[in-house]
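Sending over a structure as structure tokens; questions will come in a sec.
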Amino acid sequence: MSELLAPRRMVELEVDGQPVRVFEGSTILDACRRLEIDTPTLCYGETLEPANVCRVCVVELEGSRVLVPSCSRKAEAGMKVHTDSERVRLSRKLVLELLASSVDLSTTPVAAGYLERYDAEPGRFGPPAPPSDDRDRARTGHHEAPDGRTAATVQQPVKVDNELYVRDYAKCILCYRCVDACGEQHQNTFAIAVAGRGFDARISTELATPLPESACVYCGNCIEVCPTGALVFRSEHELRAAGDWREEEQTVTETTCPYCGVGCSLELHVQSNRIVKVTSPADHDITLGNLCIKGRFGFSHVQD
Amino acid sequence: MRPSPAALVAVAGEQPLERAQAPVTAAAVLDLLAGGEAAPSPASSLPQDGEPRLRLLRRVGIADPDSIDDYRAHGGYAALRHAFALGPEGVLREVKDSKLVGRGGAAFPTGVKWEAVARQPARPHYLVCNADESEPGTFKDRELMEGDPFAVIEAMTIAAFATGCERGYLYIRGEYPEARERLEHALAQARHRGFLGESVMGEGFSFDVEIRRGAGAYICGEETAIFESIEGRRGEPRNKPPFPVEVGLFGKPTVVNNVETLVNVLGVVLGSGPSFAEVGTEGSTGTKLLCLSGHVARPGTYEIAFGVTLRQVLDLAGGVPGGRPLRAVLMGGAAGGFLGPGDLDVPLTFEGARAAGTTLGSGVVLVLDDTVDLPRLLQRIAAFFRDESCGQCVPCRVGTVRQEEALARLVAGEPRGGVETELALIAEVGQCMRDSSICGLGQTASSALESAIRRLPVFEGSGT
């Protein structure tokens, strides 16, 4: 009983010379945020366990041989952390250059700001290689020797194989968020996983089948967590393709899903009096941003 | 003579076939598929056969690897008996006093690792023997597993006894069918004779070993990716901390040791920690298995006391054949570093290699004469890491690609913005990979390339 009443323990550490106290179990990123130190993140999702794979949030920890990912490294008493040292800036810059030179970041909202902040020059690796249409068939452990005249990319045709959402893996930074949301952290459907190895690693359904033949249940919770716009509503994809996607004109109407008694919160994104996508607030206690196929996609009766 | 490659011939089906074939020719493979016998293993690659001072290799080629009786006749299971007399604390003390460090490449003190697991209150504890020997140029663990399989099992039992493990996993690379068969056979015999299972040797300590087979991915030899693989998942390294000694296999405290490290423990327990440490140097105690390959007269697995120089080892192996000049030595494998002809007096110790800017790693000594196309070799290494990166983190997944591309431009004589710019680009990408990759693969993938640029005259302006 006494444990329930005990105050949560605090740890004190130092970030960029400033002392900061955070709850035990917090991360270095939490400490940075407490000090309002703006730390770039890409793969980190507020509703998911840190995958710590993009490495853009790395910081220098005194006594550590390598830089550490702030999103997942737990704060410990007495840590001395540097978030803007030369090593940190170089690593962040390189991570951004490596990503921007291989992935289409045009719909990753934070990318442009990060690239500018770290003086990233993705073009120095050379002009992008032409798109490939056989990434799904790449043989693990085999690749053609490059000539170095172009920089390899993940450019590939967008996958449009169903009425509800599209997968544009040319924009995928492999943050693992969709895999974690589809799998054990949110949905427990396991329709997608990482296939292949190294630069051929990619998000794939089982045997790369189209979505309708996969285990996908169209909850759209992968779209919700995708930070790059690789996964979007079909409606958004078509509007963007036509040059008609106008986010600034869109209104967001909050409502409650009518389909069952759970009563999930819905946010209807409306453009020109048409619903163009449906989300749920990520900070909502019940949904954590998740919905089911009905709440996410079952809106056509409202407008047709 | 052109060296002939070895290959694993595998056929799935009701009667699966799995044979390592060396040297491999099209005719030999066709013969195997038609039901023929595999060629016998090539003559022993233990050029020191019969040398009385061998410690790790003393039974290899001498005791029958299929007979537990012959193993015992050659001193087998005396160490385990002695370990039971010492008790877990006694074994831990001897291992710590021996200053034994891991032989898989990272050189972490074994005693420290064992004690950390032994002290963990969470149960059960697991033991993993890392036999996924995949570093290019490494073949020493294979020699131990094929030539002295009971020693590996006895050493695992001692490690488990000292650290409180009830179950051990031996993760062996899929390309070693003979080693796996011998170990399976040895496990069955050990179980039958009461050296594994309930109450080992009637001492009340229960322990058993399960073999898990890798499927050819280099990354699965990484100490946390190996857990993912054993658990049935995609082999991807975990972020550390938490370290395996706290949260390892199935989330439990886990000891992960390389095959050679474990076999060293037999000597530590049979003698004593301090007497083990009498061989070698202050920082690198005992003996080390080296895998000599490339342009040496007598390639193979050598056991040397730490502290001898590279020159002595090359002499032992007969030097570069045909009187050709030595061009370079790749130490530690693809994840290692190059030494030049002027570095032959480097003492082969962990600290000596580090001071010389390279690594002993897992014991690879790949010798290259002046006929070797070094830039081509570097391209091969870069391609290897691009293929073997698991793809999880950005620095390694894309960094390996960008380095391979830059190298291709340098080799083609088409550097973008000049050779100096390209070398700087390789160095910057390398720094990011070293600093920010999740695991040792990404952190070392650039080492050989960068050490060649630093030390050898491969490109204009390099090696100066």
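Just so it is clear, none of the values below were taken in a lab; they were calculated from the coordinates. Remember, predicted model here, so these are calculated numbers, not experimental data. When we count neighbours, we look across all protein chains shown, and the Cβ atoms used for this are built from the backbone with ideal geometry, even at glycine.
Tell me which lysines have Cα within less than 27 Å of B:Lys252's Cα, excluding those fewer than 8 residues away on the same chain?
Cα-Cα hits under 27 Å: A:Lys74, B:Lys96, B:Lys99, B:Lys113, B:Lys240.
Pull up all non-local amide H partners of B:Glu166: gap of 5 or more, or a different chain, and H-to-H distance under 5 Å with H placed in the peptide plane.
B:His125
Once the dipole of segment A:59-127 is set up with Lys and Arg at +1 and Asp and Glu at -1 on Cβ about the Cα centre, which of A:Ala100, A:Ser85, A:Pro127 lies farthest towards its positive end?
Checking the options against the dipole of segment A:59-127, the answer is A:Ser85.
Across segment B:74-88, in residue order, what do the Karplus-derived ³J(HN,Hα) couplings come to in whole Hz, using 6.51 cos²θ - 1.76 cosθ + 1.60 with θ = phi - 60° and x for Gly and Pro?
Coupling constants for segment B:74-88: 9, x, x, 6, 6, 5, 5, 4, 5, 4, 4, 5, 6, x, x Hz.
Just want to confirm a number: the relative contact order over segment B:374-455, from Cα pairs under 8 angstrom separated by 6+ residues, in percent.
So the answer I get is 34 percent.
What is the mean number of Cβ atoms from other protein chains located within 10 Å of the Cβ atom of each residue in peptide A:139-151, rounded to a whole number? Kindly include the intermediate steps, with their values, before the conclusion.
Values: counts 1, 6, 7, 2, 5, 1, 8, 12, 6, 14, 6, 1, 5.
So the per-residue partner count for this stretch is 6.
Out of residues 5 or more away from A:Asp168 or on other chains, whose amide H comes under 5 Å of its own, with H placed 1.01 Å from N in the peptide plane?
Sorted by chain and number, the residues that satisfy this are A:Lys159, A:Leu231, A:Val232.
To continue, here is another question. Per-residue Cβ counts within 10 Å, from other chains only, averaged over A:191-198: what number is that?
5
Under a point-charge model restricted to the Cβ atoms of Lys and Arg (+1) and Asp and Glu (-1), what is the dipole moment magnitude of the protein assembly as shown relative to its Cα centre, in debye to the nearest 20?
760 debye
Apply the Karplus curve 6.51 cos²θ - 1.76 cosθ + 1.60, θ = phi - 60°, to the phi angles in segment A:293-299 and return the couplings in whole Hz, x for Gly and Pro.
Once rounded to whole Hz, the list reads 4, 5, x, 6, 10, x, 10.
Additional query: With unit charges on the beta carbons (Lys and Arg positive, Asp and Glu negative) and the dipole taken about the Cα centre of the protein assembly as shown, which residue among A:Val270, B:Val60, A:Pro109 sits farthest to the positive side?
Among A:Val270, B:Val60, A:Pro109, the one farthest towards the positive end of the dipole of the protein assembly as shown is B:Val60.
Give me B:Arg397, B:Arg180, A:Arg73 sorted ascending by neighbouring Cβ count inside 10 Å, so fewest comes first.
Working: B:Arg397 27, B:Arg180 21, A:Arg73 24.
Starting with the residue having the fewest Cβ neighbours, the order is B:Arg180, A:Arg73, B:Arg397.
To continue, here is another question. With contacts defined as alpha carbon pairs under 8 Å and 6 or more residues apart, what's the relative contact order of chain B in percent? Working shown, then result.
Working: 903 pairs, mean separation 67.6, N = 464.
Across chain B, relative contact order equals 15 percent.
Now a separate question. Place a +1 charge on the Cβ of each Lys and Arg in segment A:163-304 and a -1 charge on the Cβ of each Asp and Glu, then give the dipole magnitude about the Cα centre in debye, rounded to the nearest 20.
Values: 12 positive and 19 negative charges, 57 e Å.
Dipole of segment A:163-304, to the nearest 20 debye: 280 debye.
Moving to a separate point now. Test of understanding: ordering A:Ile173, B:Ile304, B:Ile62 by Cβ neighbours within 10 Å, fewest first, what list do you get? Display every interim value, and only then the final one.
Numbers: A:Ile173 27, B:Ile304 18, B:Ile62 15.
Lowest to highest Cβ neighbour count: B:Ile62, B:Ile304, A:Ile173.
Nearest 20 debye, what's the magnitude of the dipole of segment B:162-262 about its Cα centre given +1 on Lys and Arg Cβ and -1 on Asp and Glu Cβ? Don't skip to the answer; put the middle values down first.
Details: 13 positive and 16 negative charges, 31 e Å.
Here segment B:162-262 has a charge dipole of around 140 debye.
Find the centroid of the Cα atoms in segment A:191-245 and in segment B:141-179, then give the distance between the two in whole Å.
43 Å
Rounded to the nearest 500 deg cm²/dmol, what is the calculated helix-only ellipticity per residue at 222 nm for the protein assembly as shown, with -39500 (n - 2.57) per DSSP H run of length n ≥ 4? Spell out each step's value before the answer.
Working: 26 runs with 247 residues, N = 768.
When only DSSP H runs of four or more count, the value is -9500 deg cm²/dmol.
Next question. Quick one: among A:Val166, A:Val232, A:Val22, which has the greatest mean-square fluctuation in a GNM of chain A with alpha-carbon springs under 10 angstrom?
Among A:Val166, A:Val232, A:Val22, the largest GNM mean-square fluctuation belongs to A:Val22.
Please list, in chain and number order, the residues 5+ apart from B:Ile211 or on another chain whose amide H is under 5 Å from its amide H, with Hs placed from the backbone.
Placed amide hydrogens put B:Leu170 under 5 Å from B:Ile211.
Any idea how far the Cα center of segment B:117-132 sits from the one of segment A:63-81, in Å?
So the separation of the two Cα centres works out to 25 Å.
A follow-up question, please. Could you point to the residue in B:Gly318, B:Pro237, B:Phe250 farthest towards the positive end of segment B:231-330's charge dipole, with +1 and -1 charges on the Cβ of Lys/Arg and Asp/Glu respectively?
Positive-most Cα among the choices belongs to B:Pro237.
Right, here's the next one. Can you put A:Cys172, B:Cys129, B:Cys165 in order of Cβ neighbours within 10 angstrom, beginning with the fewest?
Listing A:Cys172, B:Cys129, B:Cys165 from fewest to most nearby Cβ atoms yields A:Cys172, B:Cys165, B:Cys129.
Could you name the lysines in cross-link range of B:Lys140, using Cα to Cα under 20 Å and dropping any fewer than eight places away on the same chain?
Cross-link targets: B:Lys288.
Now, a different point. Average partner chain C-beta neighbours within 10 Å, per residue of B:437-444?
2
Which of the peptides A:240-251, B:447-458 is most tightly packed, and how do the rest follow, judged by the mean count of other Cβ atoms within 10 Å per residue?
Highest to lowest by the protection proxy: B:447-458, A:240-251.
What shape does chain A take by its C-alpha gyration tensor, where a ≥ b ≥ c are the square roots of the eigenvalues and a/c under 1.5 counts as rounded, a/b above b/c as prolate, and the rest as oblate?
oblate
Can you classify segment B:68-276 as rounded, prolate or oblate using the Cα gyration tensor, where a ≥ b ≥ c are the square roots of its eigenvalues, rounded means a/c under 1.5, and otherwise it's prolate if a/b beats b/c and oblate if not?
Because its axes are fairly even, with a/c under 1.5, segment B:68-276 counts as rounded.
Nearest 5 percent is fine: what portion of the DSSP beta bridges confined to the protein assembly as shown is antiparallel? Please list the in-between numbers first.
Numbers: 53 of 78 bridges.
Beta bridges within the protein assembly as shown, antiparallel portion: roughly 70 percent.
For segment B:242-259, what does the Karplus curve 6.51 cos²θ - 1.76 cosθ + 1.60, with θ = phi - 60°, yield as ³J(HN,Hα) per residue in whole Hz, taken in order and with x for Gly and Pro?
Result, rounded to whole Hz: x, 7, x, 5, 9, 10, x, 4, 6, x, 10, x, 9, 9, 10, 10, 6, 3.
Show me A:285-293, A:109-117 ranked by packing, highest mean number of other Cβ atoms within 10 Å first.
Answer by packing, highest mean first, reads A:285-293, A:109-117.
Would you compute, for the Cα atoms of the protein assembly as shown, the largest minus smallest coordinate along each principal axis and list the three values in descending order, in whole Å?
For the protein assembly as shown, the Cα extents along the three principal axes come out at 89, 71, 64 Å.
If you find the alpha carbon centre of segment B:327-375 and of segment B:427-460, how far apart are they in angstrom?
If we compute the Cα centre of each part, the gap is 15 Å.
While we're here: Could you check which residue among A:Tyr169, A:Tyr44, A:Tyr118 shows the biggest mean-square fluctuation in a GNM of chain A with a 10 Å Cα cutoff?
A:Tyr118
Excluding A:Leu48 itself, calculate the net charge of residues whose Cβ lies under 12 Å from the Cβ of A:Leu48, where each Lys or Arg counts +1 and each Asp or Glu counts -1.
Result for the neighbourhood of A:Leu48: -4.
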